[in-house]
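Following: one structure in structure tokens, then a few remarks.
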Amino acid sequence: MKIRAAVLEAFGEPLEVQELDLAEPKAAEVLVRLAACGVCHTDLFTASGADPSGYSPAVLGHEGAGVVEAIGEGVTSVAPGDHVVTLFSPQCRECEHCKDPRTNLCLAIREQQNLGYLPDGTTRLSRDGEPVRHFMGTSTFAEYTVMPEIALANVSNTRRSTPSSFASRRRKRGRSAPSSLGSNSCSLLAGTERPGGATRTAAAFAICARSESAAAMAPTTTAT
């Protein structure tokens, strides 16, 4: 399928909004339509060229949320229509780290992830037949992404209660829920749809891209 994404072509240069090819998910992989994403300092650090492990061309972004569009063979934890949050630190639930409280240490797919590939050592992103690498296993600066099942958190069962519960706790403490965090929590956890749909994900990379096409999309992002 054809998608639009912000591509890191050269370090220290603005990201370029381009049309890419995205292959269907393979076994244990999931196709996600991005509805919102954040801009993390890690993305900016990599784009600047200061990260010695950086590579290009690649689609950056790792703080995303969206809706499952399709699943590959063997996927059981999510289904089309589920609302999910992307995880750059996966949870395979099988290794010694995942059986320990420190699940952020899961190394199941880290080796290939650090090289810009999905677990099988290939990419689902390409341009004119040439591979475009993933970033932190997520690549959320795009309209759609394909990710490993173990790198997604299914929040469908909590999406209606979590934002209101957050606001309730704030009120009990005599505080109001911050409008920026509150609205983004609703977007991320409830998967709130807004005019423009997944295309608005492109606003997350407007900070880097500074292109007219990206700047024309109203931001629905957080910066960390």
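Values in this text are rule-based calculations from the coordinates and carry no lab data. Worth saying up front: this structure is predicted, and the values here are computed from it rather than measured. Reconstructed Cβ throughout: ideal geometry from the backbone, glycine too, with neighbour counts over all protein chains shown.
Just a few scattered comments:
- 5 angstrom amide H check on Phe135, placed H, neighbours 5+ away: Val59
- Inter-probe distance in nm under a simple model that places probes 7 Å from Cα toward Cβ, at Glu111 and Ser89: 2.2
- Working note: Karplus 6.51/-1.76/1.60 with θ = phi - 60° gives region 143-156 the couplings 6, 9, 8, 10, 9, x, 4, 6, 9, 10, 9, 7, 10, 4 Hz, where Gly and Pro are set to x.
- Across all directions, the shadow cast by the convex hull of region 26-137 built on its C-alpha atoms averages 7.9 square nanometres.
- Potential lengthening between Ser126 and Ala23 on full extension [0.36 nm per residue; Cα-Cα distance subtracted]: 36.3 nm
- The amide H of Phe88, built 1.01 Å from its N in the peptide plane, has no neighbour under 5 Å, considering only residues 5 or more places off or on other chains.
- Distance between the 7 Å Cα→Cβ label points at Asn154 and Lys99: 2.3 nm.
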